[in-house]
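K.L.:
Here's a structure for you.
Values in this text are rule-based calculations from the coordinates and carry no lab data. Treat the numbers as computed from the prediction; the structure is a model and nothing was measured. Note: ideal-geometry Cβ built from the backbone for every residue, glycine included; neighbour counts use all protein chains shown.
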Amino acid sequence: MLSRFYPLAGTIIDQITIDCDDAGAQFVEARVNCLLSDILQQLDSLLLRNFLPVETESTEAEAGRVLFVHANFFQCGGVVIGLCISHKIADAATISTIVKGWSAAALQSKEAAVEVCFPAASIFPPVDTYIPPMKLVREKYVTRRFVFDASKVAAPKTKAASSMVQQPTRVEAVTALVWKCMMNMSRQIKGYPRLSMLSHSVDLRKKIIPHCRKTPSGTCLSNFQIVPRPSKFDKVGFAPAGLVCKLRKTTREFDENGLQIINVEKRTWQKMCVIDDLVDKDDIDFCTYTSWCKFQLYEADLGWGKLVWASLPNIMLKNLVVFMDTKDGDGVEVLATLSKQEMVVFESDQQLLAFAAFNPTHDDH
């Protein structure tokens, strides 16, 4: 299967080089002395890290193999697959493609076989501009899981609708609600409303190569930022409908103009510097949102049957919100990472809990 994803069988040499030496993925098997149901009945993001093949923030993850796989076999016959891949070469969409390719290989399905290409370097040629590594501040962050069932998503969508956006998507509606609760949390902790910047990841594949026969893989991401005006903040915070309008408008503007900006090295670099400066400021709240929805992970069969649950472990990046599908594909699972102080306030927000279940067991949704 790795022959279709040639860089994944290689070795990371440094920050910009992968040696395609066909070393293969690192595959480890482990026996777990408990039942899989014990894990599903007490879902713990920290515990899930034990099922990964490598500590994601370790030096081992930064060098050596590109792809790590950990197969965990439980006493009951259940299996948990832990998958780690370097973000230097892959994003969430690429992980989805790998899982689909693995599934096709396991089922020996020629119809479902995946053909991939890695076009990013040809479309956005490497430049000489130095880009500093991501800042990973070693603090105590916590990740919490909130589940919006399909029946609960309808109400936030109704609240987020307006004459400008009559039918918001489930991700737009949940984004607006979570963002509003984030701003409420900040106001409660700081005692006054602050500027809040939302940075939303964008998959560039359909924009840069809309009719490619193969599946574009690699890291094909950009992002856009939204900062609502403080004057729009009243005693009850921003209205979800207003946030969705801003989100939809900015998304449309990025679709129309984003690629032109990305292709201009100087403007891209200036934008990155501005964002980096804003993140470091004490008077603005910065949060990154990214959606893994519609990646069809639950359709995959890696040889042990279709997936029961797909998720991420505790994420060591502060102010990160990840959206994932529920198993039925109609709800949204939210994984939010904040400082301990912030999470205490955020996870008790009644506006959030009115629609989302806090870390339900797998049998509850």
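K.L.:
Arrange the following residues from fewest to most other Cβ atoms within 10 Å of their Cβ: Leu46, Leu67.
P.N.:
Leu46, Leu67
K.L.:
On to the next question. In the structure shown, do any of Lys88/Lys327; Lys88/Lys152; Lys246/Lys294; Lys159/Lys294 have a Cα-Cα gap over 31 Å, and if so which?
P.N.:
Lys88/Lys152
K.L.:
By its C-alpha gyration tensor, with a ≥ b ≥ c as the square roots of the eigenvalues, how is region 145-193 shaped: rounded for a/c under 1.5, else prolate for a/b larger than b/c, else oblate?
P.N.:
Judged from the Cα gyration tensor, region 145-193 comes out oblate (a/c at least 1.5, b/c at or above a/b).
K.L.:
For Ile284 and Leu107, what does the FRET efficiency come to when R0 = 41 Å and r is the distance between their Cβ atoms, rounded to the nearest 0.05?
P.N.:
The calculated FRET efficiency here is 0.25.
K.L.:
Quote the charge dipole size of region 1-105 about the Cα centre in Debye, to the nearest 20; the model charges only the Cβ of Lys and Arg (+1) and of Asp and Glu (-1).
P.N.:
Charge dipole, region 1-105, about its Cα centre: 380 debye, nearest 20.
K.L.:
Report the label-to-label distance for Arg194 and Gln75 in nanometres (one decimal), using points 7 Å from each Cα along the Cα→Cβ vector.
P.N.:
Result for the modelled spin labels: 4.7 nm.
K.L.:
Then there is this: Between Ser3 and Ala154, take the C-beta separation as r, use R0 = 51 Å, and let me know the FRET efficiency to the nearest 0.05.
P.N.:
The calculated FRET efficiency here is 0.70.
K.L.:
Arrange Trp292, Trp179, Trp309 by Cβ neighbour counts within 10 Å, fewest through most, would you?
P.N.:
Trp309, Trp292, Trp179
K.L.:
May I pose another question? For Arg4, Arg170, what ranking results if the residue with the fewest other Cβ atoms within 10 Å of its Cβ goes first?
P.N.:
Arranged by neighbour count, lowest to highest, Arg4, Arg170 become Arg4, Arg170.
K.L.:
Under a point spin-label approximation (7 Å from Cα along Cα-to-Cβ), what is the Leu46-Arg31 distance to one decimal in nm?
P.N.:
2.8
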